[in-house]
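The values are calculated or read from the model by the stated rules, or taken from the named source; none is laboratory data. Computed from a predicted model, the values in this text were never measured in an experiment. So basically every Cβ, Gly included, is an ideal-geometry build from the backbone, and we count neighbours across all protein chains shown. Please note that ligands, DNA and RNA were not included when accessible areas were found on the heavy atoms of the full protein model with its side chains. Shrake-Rupley method; radii C 1.70, N 1.55, O 1.52, S 1.80 Å.
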Amino acid sequence: MTGQLNSYDGGFLKLVGSNSPGNVKSTSKVGLAIVEEPDDTADNVADQGDAIGLLEERLKRYVGSKLIVGGTPAVKGLSKTEKRLEQTDQRVLPVVCHECGLSHVLKFDNVVWDTASGTENHPVFGRADPSSAVYICPECGTEWDDWQRQENIRNTCYQAYEAGDKLCGWTPTAKTGNRVGFIGLNELYVCIPGTSLGKVVEDYLAAVHAQKQGDDTLMRKFINQKLGEAYEYKDDNVTADELREKAEDYQELLIPLAGLILIAGIDIQRDRIAIIIRAYGRGNESWLIYWGEIWAHRDINDINDPCWIELDRMLFGGYQHESGAILNITAASLDTSDGVTQGATYHYVRTRENKGVNLMAIKGAQSADALPVAVPRSNDLSVNRSKADKLGLKLWRVGTQLIKDGLASRLKLQGNGPNRMHIYQGVRADYFEQMTGEVKAPGKQRNQLIWQPKAGKAIEAWDCEVYCDHAARVEKLQMKKATWWDHKEHTVLQVDLLAAEAQDVIAMVDHYPGQDEPEPENRRASPERRAETPAGPDAVDRQAAAQTTDAESTEHKPADSQPRRPRTLKPRTSTRNEQPEPEPTENNPSGKARTLAELGRMMRGKD
């Protein structure tokens, strides 16, 4: 065969790489597709999905097509091979012992060897003798040498076939659809020359020796290649259950007394906006006050979609402080790294500049060693400048890896004090799983440990926390001195009695803005709990634009897949709203209640 395509009578053979959509999608119909090492295939091919998914689409056009996936799980939780095996019938081959007649799945734990047979220490093996390795039947204790091991495997398959077993001894261990999978295929099942129990033990002892020196490369190779299992990285990071137990009893959307600065992190998906809001206090201690998602009504790339109006209401609205004051968000980092949604995100950030919130367009840095915060460079005026440069937009590069290291450490802290991250009990249930949806393991390109999402896990909440931490670092909250916090606390706790009118308070979040779905009676908010108009810049014009297009809107998200709405909180009101109308007097003939602002102006006029 020359090149990547070889045609023959009745068909063709084509070899393609997984990193280009042109390769995977170049053939319209495929009868048999074979994937080698799925863990090494591209996760996202030119923003069109993973390579194996694109290949499966080609199979749909050929009646009776088959997909064969062969590979070894690499890292537990990250492996696509492991994830696919979980969706199969997971067949194993129990081998019958020639002595007792009982069967079991072959495991390396049943291999034994002499550990003190030599008189001199080997530099790697010590006094162990790998050549003495034998397999012990766990049922009867009979020793199998290499010949007997292979003979038992062959006899098991032949005898099962002769007895009418079409699976030749293979036994499914899970009930599933029509996907067939084989698990537990370690090197102990190999019956060809070149493989022996002694060589397997040699590889194991070499891996143990290297691991003691601080290098786990050989151990990962042994577990992956010899045992056919995924390597699990051991760490002391907090688990989802441990995070859930840490949750505290305080209300959503209500800022605790020690929280003085509001910071937001925003992750843009292709059909929704994910947002986290935290209140920061002294010593970089923070309290989660909201986690949720706003679903796009029509299209996330439509700058007039109601989801952006709802985001305006959240970013530029007021939030109730436990003292009775109203706080606004100080800074927010918004992810603009997805090329598909980049037009809308760039437009949103650029049109909200100088509106009261330090809203930053961010993108993850490529280097794993990048600093958490890097000051944006000056706009490039060359011909080949980027889209952000053309729009005059400052793009912040975020060192996500180092930020995640810091967050992982802070999440383990208990109680109150510096760097503690508090979570309220009523947070949406998926928050805890998403916060633990990544694992730090070697990347594909280099043997450097980097944070990577676990297979099939959503991590929007984790990403939002990263972006929130970035915005807090830009504001240098971790560097503020006690005198600065004293002044901030004094400002927050001293409620402005001369304010013209109370600011609208964010008491609930509309997860599906622009839709006329009825809200359940037990969750329906009373009129005083809702903000009647969006609080963002130019809100009236955008709300009017949204109303003109609302009639042609359609349902975006099925009801059965919608996350629950957060409970609605009633904002506090000042006591002046509860006073009866005053009687007409000489100074106030109309008898109408005056605002505190009017009273203040009158007082200043008399002075």
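Side notes on the structure shown:
- Counting 0.36 nm for each residue step from T171 to L67 and taking away their Cα separation leaves a gain of 35.3 nm.
- Cα centroid separation, the stretch 255-305 to the stretch 122-201: 54 Å.
- Kirkwood Rh in Å, taken over the stretch 164-242 so that all alpha-carbon pairs contribute: 15.7 Å
- Phi angles of the stretch 268-285 translate, via the Karplus equation with coefficients 6.51, -1.76, 1.60 and θ = phi - 60°, into HN-Hα couplings of 9, 9, 7, 9, 6, 10, 9, 9, 10, 10, 10, 9, 9, x, 4, x, 6, 6 Hz per residue; Gly and Pro are given as x.
- Dipole of the stretch 91-227, positive direction: furthest Cα of C157, N121, G141, with charges on the beta-carbon: C157
- With K and R counted +1 and D and E -1, the other residues having a Cβ less than 12 Å from that of G169 yield a net charge of +1.
- Checking the cross-link pairs K394/K481; K246/K476; K355/K480; K246/K404; K355/K476 against a 22 Å limit on the alpha carbon distance flags K394/K481; K246/K476; K355/K480 as lying beyond it.
- Ratio of the Cα radius of gyration of the stretch 91-227 to 2.2 N^0.38 Å, where N counts its residues: 1.19
- If the segment from N237 to R154 were pulled out straight at 0.36 nm per residue, it would be longer than the present Cα-Cα gap by 25.4 nm.
- Table column - 3J(HN,Hα) (Hz), the stretch 75-87, Karplus curve with 6.51, -1.76, 1.60, x for Gly and Pro: 10, 4, x, 9, 6, 6, 5, 4, 5, 5, 5, 5, 9
- All-pairs Cα distance distribution in the stretch 302-354, expressed in whole percent, bin size 5 Å: 4, 16, 24, 23, 15, 8, 6, 3, 1
- Listed residue pairs exceeding 25 Å between alpha carbons, taken from K76/K412; K80/K212; K363/K412; K14/K76; K29/K454; K212/K454: K80/K212; K363/K412; K14/K76; K29/K454; K212/K454
- Euclidean distance between Cα centres, the stretch 87-108 to the stretch 204-248, Å: 26 Å
- Whole-number percent relative contact order across the stretch 91-227, with pairs defined as alpha carbons under 8 Å at least 6 apart: 27 percent
- Karplus-based coupling profile of the stretch 52-59, in residue order and whole Hz: 5, x, 5, 5, 5, 5, 5, 6, with θ = phi - 60° in 6.51 cos²θ - 1.76 cosθ + 1.60 and x standing for Gly or Pro.
- The portion of the accessible surface of the stretch 91-227 made up by carbon and sulfur, rounded to a whole percent, is 50 (1.4 Å probe; DNA, RNA and ligands excluded).
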